[in-house]
Amino acid sequence: MAVLLDTAALPRQDRAEAFYAAMMSASVPSRVEHEDPAGDVHARMDFWQLGTPDLFRNEGSGIRLVRTPKHVRIGGPERLALAVQVVGEGFFSQGGADQTVRTGELMLVDLTAPYDYAWAGRGASQAFQIDYADLGLSVETVRAAAQRLPSSPLHDLVLHHLTVLPGVIESLQGTPSADLVGTATTQLVRALLASAADDRHQRPAMADVLFTRITWYARQHLADPDLTPDRLATVHHISLRYLYRLFADRHLSLEQWLISERLKGATRQLTDPSSRSRPIASIAAAWGFVDAGHFTRRFRAAHGMTPQEWRRLH
C-alpha cells in the first residue's frame, strides 16, 4: 500500500493544495471543492497497484469533485471506476442521472466523461479503477449496466469483494498474487456489468461474457506455444471468423493481444526476485516465445530497451 496523502502531518494552510495534487495523481483531472476550505480540511488517501488496475481509497472531510467537459478534453487514461461508499453518503451525477450513494452501495463512474460527486461531513469512498481496454466491454453494455447494478445476481458478491479487498491486498503486496487478485477482480467487475445490462443489450452482453471466457482461458494458457486462434475457437465452440470479430468489435487484434499479454507476463517475471538468475531465453519460452530473437524484438518495440537492459534497470 502507498499512502498518497495524510493531512495530519501537514500544516492546515497546505492541505487543500496537497489534496489536489494527490487526487490528480490517483485519478483523472477534475475540479476539487472543499466543504469548508478555510476550516479543518483533512484527508487520507491510500493506493494499491494490482497489476494494470488499482484500488484507491479516499477518506476525509466534505468534498466535491467535478469533472467538466474541459477536463475531458484535456485527456486522461480511458478508465472507469467501480466504487463503494464505505463511510457517509455520497451524491453522484453523470450522463443526466442523479444518484444518492449510501454507505455500503456501489456506483459506476465513467472516468472518460463529465461527472459530479460529493459528500458532506466525514465520508470515504473506495474505487477499483480499470482501463476500458482491459475490461473488454462495449460502451453500450457499460452504459446500460450503470443504473442497473443491483439487478445483477453478482451484485452482493462484488460489493463484498471490493469492501474487503484492502485487507486482502495488504498481505499480498509485492508478490505475484497481488496482480492475480487484480485480474480476478477485473473478471468479477466485467461479469457484474455484463449481467446487469438490460434486455436491449442482451446480445452484446452475451458476446461480452463469451469474450470474457475466451480471454480468461487464454491468460491461463499463455505459456503454451500451441495457444492459437484455431484452438481458442475450437475450445469455445465458435467459428474462427466469429472469434476474430469478437476482438475486432473491441478494436483489438487477436494476435497482437496474445503477444501483448505474453509480454506482460514475461516483463513481470524479469523483475521477480525469485527469477533473478533464470536465463532470459528461459523466461521468454515460459511465456510462449519459442524464438528468443522474436521475443527481444517485441520487447524492445514495447519498452524501448532489451530485456537485459530492462532487468538491470529494474
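If you go through region 279-313 and pick out every residue that is part of a loop (DSSP other than H, G, I, E, B) and either aromatic (F, W, Y) or outside the structural domain of S260 (by TED's automatic domain parsing) (or both), you end up with 2. A223 satisfies every condition listed in (1) in contact with a helix residue (DSSP H, G or I) (Cβ under 6 Å, 6 or more places away or on another chain); (2) surrounded by fewer than 17 Cβ atoms within 10 Å (Cβ to Cβ); (3) under 20 Å from A133 (Cα atoms) except (3). Exactly one residue out of L254, L270 is closer than 29 Å to D208 by Cβ and among the aliphatic types (A, V, I, L, M): that is L254. Comparison of A124, A81 shows that the only residue that is small (G, A, S), within 15 Å of the chain's Cα centre (by Cα) and either buried (at least 16 other Cβ atoms within 10 Å of the Cβ) or not assigned by TED's automatic domain parsing to the domain that holds H42 (or both) is A81. Can you find even one residue in region 228-238 that is surrounded by fewer than 19 Cβ atoms within 10 Å (Cβ to Cβ), at pLDDT 90 or above, basic (K, R) and assigned by TED's automatic domain parsing to the domain that holds A286? Yes, that holds for at least one residue. Taking H71, is it in contact with a Pro (Cβ under 9 Å, 6 or more places away or on another chain) and surrounded by fewer than 19 Cβ atoms within 10 Å (Cβ to Cβ)? Here the answer is yes, as H71 does meet what is asked.
Please find, among P166, P153, the residue that is in contact (Cβ under 8 Å) with a residue 12 or more places away in the chain, more than 23 Å from R31 (Cβ to Cβ), under 16 Å from the mean Cα position of the chain (by Cα) and surrounded by fewer than 16 Cβ atoms within 10 Å (Cβ to Cβ).
Criteria check complete, one pass: P166.
Selection of first residues in region 213-236 that are more than 16 Å from F247 (Cβ to Cβ) and of second residues that are exposed (fewer than 14 other Cβ atoms within 10 Å of the Cβ), restricted to Cβ pairs under 7 Å at least 6 apart or on distinct chains, gives the following pairs, ordered by first then second residue: P225/V290.
Of the residues V41, V3, the single one that is assigned to a strand (DSSP E or B), over 26 Å from R190 (Cα atoms) and at pLDDT below 95 is V3.
Within region 244-289, restricting attention to residues that are charged (D, E, K, R) and farther than 28 Å from L135 by Cβ, which residue is surrounded by the fewest Cβ atoms within 10 Å (Cβ to Cβ)?
Result: R276.
Residues considered: T103, T112. Of these, the only one that is in contact (Cβ under 8 Å) with a residue 24 or more places away in the chain and either surrounded by fewer than 16 Cβ atoms within 10 Å (Cβ to Cβ) or among the polar types (S, T, N, Q) (or both) is T112. With respect to being surrounded by 13 or more Cβ atoms within 10 Å (Cβ to Cβ), at negative phi and either touching an Asp or Glu at 6+ places or on another chain (Cβ under 9 Å) or at pLDDT below 85 (or both), A207 fits the description.
The single condition among (1) surrounded by fewer than 20 Cβ atoms within 10 Å (Cβ to Cβ); (2) farther than 30 Å from Q147 by Cβ that L5 does not meet is (1).
Of all the residues in region 34-47, those that are among the charged types (D, E, K, R) and either buried (at least 18 other Cβ atoms within 10 Å of the Cβ) or free of Cβ contacts under 8 Å to residues at least 40 places away in the same chain (or both) number 3. With respect to S171, determine if the residue is of a type in the set (S, T, N, Q) and crowded, with 18+ Cβ neighbours inside 10 Å. So S171 fails the test. Evaluating A292 against the criteria (1) under 22 Å from L180 (Cα atoms); (2) out of contact with any His (no Cβ under 7 Å at 6 or more places or on another chain); (3) surrounded by 14 or more Cβ atoms within 10 Å (Cβ to Cβ) leaves one unmet condition, (1). Determine, yes or no, whether A145 is farther than 15 Å from L50 by Cα, assigned by TED's automatic domain parsing to the domain that holds T52, under 18 Å from the mean Cα position of the chain (by Cα) and touching a residue at least 12 places away in the same chain (Cβ under 8 Å). So A145 fits the description; yes.
The values are calculated or read from the model by the stated rules, or taken from the named source; none is laboratory data. Keep in mind it's a predicted model, so treat the numbers as computed, not measured. Neighbour counts run over all protein chains shown; Cβ positions are idealised from the backbone, glycine included.
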